[in-house]
Amino acid sequence: MMLLSLALCALVAPAAFAHPLEPSSKLSRRQQDIDVTVLQFALTLEHLENAFYKLALQTLTQQHFMDAGFGANYFNNIQLIAEDEDQHVQFLTSALMTAGAQPVAPCTYNFNITDVNSFIALSNVLEGVGTSAYLGGAPLITSKDILTAAGSILVTEALHTSLQRTALKAAPGPNPFGTPLDPNAVFTLAASFIVECPATNEPLPFKAFPALTSTAAACACEGPDCGPSFFQKRQVHSPPAEAALDCVEPLSRTIRSQAECVQSPAAPAQAGGNNQANPTGPAAALCRPPSAGTTVAFEAAQAVTAGSFFTFVSGLMIVSVTAQIHETMLTAMIPPGVAGQTYVMVTSSDLQGKFDAAAALFGPAVLEGKLAVSLM
């Protein structure tokens, strides 16, 4: 994954401003320490994504992808993405060893990959989070060489994101700007997949926020092909009726809210007993994402204080709106400007244009926002 340097917001500010007249040798040493911590966090996240793709390719064969309506070229691209993530791990490991640091080891993870559709939906979100993490962490890096390397990885991760969005019939580039994400928010999303890490790993200076859960289905499809007819065109077979998942039920927390509601709906039996294809595919491709002005609902892990806000982070836009609160349930209208993979948090204050981690109360939840320009 990617999430290189996202980190160290809390470390960078004091390092940069606490001692402006500090001798250059001490300042240089502290900058190097910051970059090492950034690299350790990046490696932690790259380990996660590397393990995710390895598990997927151990679990799912090319035939599984073919049966789900995806061609051999798509499967080959997944293999290339897996190789990219492995190369990222090797690169960061080497960089840390060169700096004299002990690289963190992989953790134990739980991704709950059940089929091709759940893999694609989760991969799409993970790649989007990784891209946001690299972008959000770029200003924290003090070494120009590391910054260049981070930018290089960011480009690759963004390409991965576009590939997976296209597989879900989502716009490959839904927002004119990438979305930077706060390191604590990234840590919150990543932590939902980590079961346990080796005791020898260096602790990371981040905290996970309490969970925020979407209560709606994950929808991503843009354009005229959205709906079951799209999957009929792909000529794929539907899963058994008992495998269908009710996407109206509340979805699980953090990243999983986008990934678990992907089982195909049961298709009606075909008359005549032939082998004609039934509509099937990721649930995210069967519906369009909500647009500005649409009311969305979320559930917090515990009761929310009256007067709290929904804060939307989408592209370079950070905007808070008033939330309607009833104990743990919250609703609000999506503000204009939300497009593509968007992060929603409950905050204690009205944030406009700049994110303040100290104001974060719950989240982030991942929301797909509809393009402002119609593709119909």
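The values are calculated or read from the model by the stated rules, or taken from the named source; none is laboratory data. It should be emphasised that the depicted structure is a prediction, and the values quoted were computed from it without experimental measurement. All Cβ positions, glycine included, derive from the backbone under ideal geometry; neighbour counts span all protein chains shown.
In a helix (DSSP H, G or I), basic (Lys, Arg) and under 24 Å from the mean Cα position of the chain (by Cα) - does that describe any residue in region 46-54? Scanning region 46-54 turns up at least one residue that is in a helix (DSSP H, G or I), basic (Lys, Arg) and under 24 Å from the mean Cα position of the chain (by Cα).
Of the residues making up region 183-215, those that are surrounded by 20 or more Cβ atoms within 10 Å (Cβ to Cβ), of a type outside the set (Gly, Ala, Ser) and modelled with pLDDT of 90 or more are 184, 186, 187, 188, 189, 193, 209, 212.
Please indicate, with yes or no, whether at least one residue in region 24-46 is buried (at least 17 other Cβ atoms within 10 Å of the Cβ), closer than 24 Å to residue 202 by Cα and at pLDDT 95 or above. There is at least one residue in region 24-46 that is buried (at least 17 other Cβ atoms within 10 Å of the Cβ), closer than 24 Å to residue 202 by Cα and at pLDDT 95 or above. As a summary of the residue check, residue 97 satisfies the conditions (1) more than 19 Å from residue 315 (Cα to Cα); (2) in contact (Cβ under 8 Å) with a residue 60 or more places away in the chain; (3) not β-branched (Val, Ile, Thr) except for the one numbered (2).
So how many residues does region 84-119 have that are under 18 Å from the mean Cα position of the chain (by Cα) and within 15 Å of residue 38 (Cβ to Cβ)? Let's see the steps before the verdict.
Residues of region 84-119 under 18 Å from the mean Cα position of the chain (by Cα): 84-85, 88, 109-113, 116-119.
Okay, now just the ones that are also within 15 Å of residue 38 (Cβ to Cβ), so 88.
Summing the residues that are under 18 Å from the mean Cα position of the chain (by Cα) and within 15 Å of residue 38 (Cβ to Cβ) in region 84-119 gives 1.
Take the residues of region 187-212 that are outside any loop (DSSP other than H, G, I, E, B) and in contact with a strand residue (DSSP E or B) (Cβ under 9 Å, 6 or more places away or on another chain): which is nearest to residue 132 (Cα to Cα)?
So the first thing to find is which residues in region 187-212 are outside any loop (DSSP other than H, G, I, E, B), and the list is 187-191, 194-196, 212.
With the extra rule that they be in contact with a strand residue (DSSP E or B) (Cβ under 9 Å, 6 or more places away or on another chain), the set shrinks to 188-189, 194-196, 212.
On the way: 188: 13, 189: 12, 194: 19, 195: 23, 196: 24, 212: 19 Å.
Ranking the qualifying residues of region 187-212, first place goes to 189.
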